[in-house]
Amino acid sequence: MFKINENYLKLQGSYLFSAIDKKVRNFIEENPHRKVIRLGIGDVTQPLAPTILKALRKAVDEMGEKETFHGYGPDLGYEFLRKAIVEKDYKKRGCDIEIDEIFVSDGAKCDAGNIQEIFSIENTIGVCDPVYPVYVDSNVMAGRTGTYDKDKETWSQVTYMPCTMENHFIPELPKKAPDMIYLCFPNNPTGTTLTKEQLQRWVDYGNKEGAILLFDAAYEAYISQEDVPHSIYECEGAKTCAIELKSFSKNAGFTGTRLGYTVVPKDLKCGEVSLNTLWARRHGTKYNGAPYIIQRAGEAVYSKEGQKELRVQIANYMKNAAYISKGLKEAGYEVFGGINAPYIWMKTPDKMTSWEFFDYLLKEAGVVGTPGAGFGPSGEGYFRLTAFGSYENTVEAMDRIRKL
């Protein structure tokens, strides 16, 4: 008789945002005439920029002609997109990244979940706490767990690095180095980030301890402060210890069209084995590439016109972030983030748990956020709101919260 992968049974009953969606749907069924404002999931709301749409339509037309039709694309992605990525995301920042170190995919979430496949099941992992759930869940699915501590709700093979008010949401270097360390900056969910000097310490640590840094830079387009790096490769020595994950979802609104990429430097090795070669082998075996039309749209992101249009969109989201942050502070809440990221991280009031505050905010204000406990043990007592709604809904949501 067949057997299942029992590691899946070690996961929580449902993915965090599925649990939230179920609660919201039940509330709407019970209150059909109540307007619910969703500031929970990090999904964009502004439409694709005109320049991107123009490129998308042109590519669609090409697919309708025999002479310009495209079938299977190159494993690593089309050269026109990878070349644009290298020139605009790396060369202009002084990062020595080459075109064959870029792997185009259908999003950073998939890459974040899949990248662990090229590493030993015996590896230990380190994650910031709170953390994007995919990092831990994908490793649990693979069996990289060890024993479970019911009181702390943690796995022995996973080192949780607390990021709280007390340490200004900056994780400390673990005394015992994990083999794989996930870093996400600007951070999801806290909205905070590291300076270049602080990130350099992690790079030095990774090289010294022989640890691999898996750096999620999905929100780099929202960085506004000069001393905050947009890529880990701005740090000296990063090419020998770091893999970087990037996304088009939040910087260009591709949550519905799906596009991202991963950088695996050729200098990154385990002994004599190249991780670039391993990822290329995995990529070519299990993936047939992002659609041609989407990659052409991605190329338009790097055009002069595309960049100008996207700066306006990002400014609109950050206008929302500033309004939320200001409104919450005026209402007496302790608030963090919202400067270099579209997320606002707040302390729950009156010693409420994060799920209690979720229920309270939904019932009393009709506003949806994300409970901090869903991001890990240190997320308890905190709550996340996103700036991805419309400005009108953002203003209304803050008016409702102020009245509470």
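To the nearest 500 deg cm²/dmol, what mean residue ellipticity at 222 nm is calculated for the chain from DSSP H runs of n ≥ 4 alone, each contributing -39,500 (n - 2.57), summed and divided by the residues?
Using -39500 (n - 2.57) per qualifying helix, the result is -11000 deg cm²/dmol.
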To check my understanding: the extent here is largest minus smallest coordinate of the Cα atoms along each principal axis. What are those three numbers for the stretch 131-231, in Å, largest first? 42, 28, 27
Counting only protein heavy atoms and using a 1.4 Å probe, what share of the accessible area of the stretch 289-404 belongs to carbon plus sulfur, as a whole percent? 53
Can you classify the stretch 292-334 as rounded, prolate or oblate using the Cα gyration tensor, where a ≥ b ≥ c are the square roots of its eigenvalues, rounded means a/c under 1.5, and otherwise it's prolate if a/b beats b/c and oblate if not? prolate
The percentage of the accessible area of the stretch 65-194 (probe 1.4 Å, all protein chains present) made up of carbon and sulfur atoms, to the nearest whole number, is 49
Could you name the lysines whose alpha carbon sits less than 21 Å from that of Lys88, not counting residues in the same chain fewer than 8 places away? Lys54, Lys196, Lys239, Lys246, Lys250, Lys266, Lys304, Lys308
Accessible solvent surface per residue of the stretch 93-216, calculated while the other protein chains remain in place, 1.4 angstrom probe, Å²: 40
Nothing charged except the Cβ atoms of Lys and Arg (+1) and of Asp and Glu (-1): what's the magnitude of the dipole of the stretch 205-265 about its Cα centre? Round to the nearest 20 debye. 320
Cα-based Rg of the stretch 182-334 per 2.2 N^0.38 Å, rounded to two decimals? 1.19
Taking Lys175 as the anchor, which lysines have their alpha carbon closer than 18 Å to its alpha carbon, excluding any fewer than eight residues away along the same chain? Lys208
Take the Cα pairs of the stretch 308-396, get the Kirkwood Rh, then feed it into Stokes-Einstein at 20 °C and 1.002 mPa s and tell me D in µm²/s. 160
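Sequence gap at least 6, Cα distance under 8 Å: using those rules, report the relative contact order of the stretch 1-131 to the nearest whole percent.
So the answer I get is 12 percent.
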When we measure straight from the Cα of Lys351, which aspartates and glutamates land under 17 angstrom away, once same-chain ones fewer than 8 places off are left out? Glu166, Glu334, Asp359, Glu380
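For the chain, what proportion of DSSP beta bridges, expressed in % and rounded to the nearest 5, is antiparallel?
Antiparallel bridges: around 55 percent, rounded to the nearest 5.
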Along the Cα-to-Cβ line of His168, 7 Å from the Cα, sits a label point; which residues in the stretch 338-357 have backbone N less than 14 Å from it? none
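The values are calculated or read from the model by the stated rules, or taken from the named source; none is laboratory data. Remember, it's a predicted structure, so these values are computed and weren't measured experimentally. Note that each Cβ is placed from the backbone with ideal geometry, even for glycine, and that neighbours are counted across all protein chains shown. When the accessible area is computed, the model is the full protein with side chains, heavy atoms only, and any ligands, DNA or RNA have been set aside. Shrake-Rupley method; radii C 1.70, N 1.55, O 1.52, S 1.80 Å.
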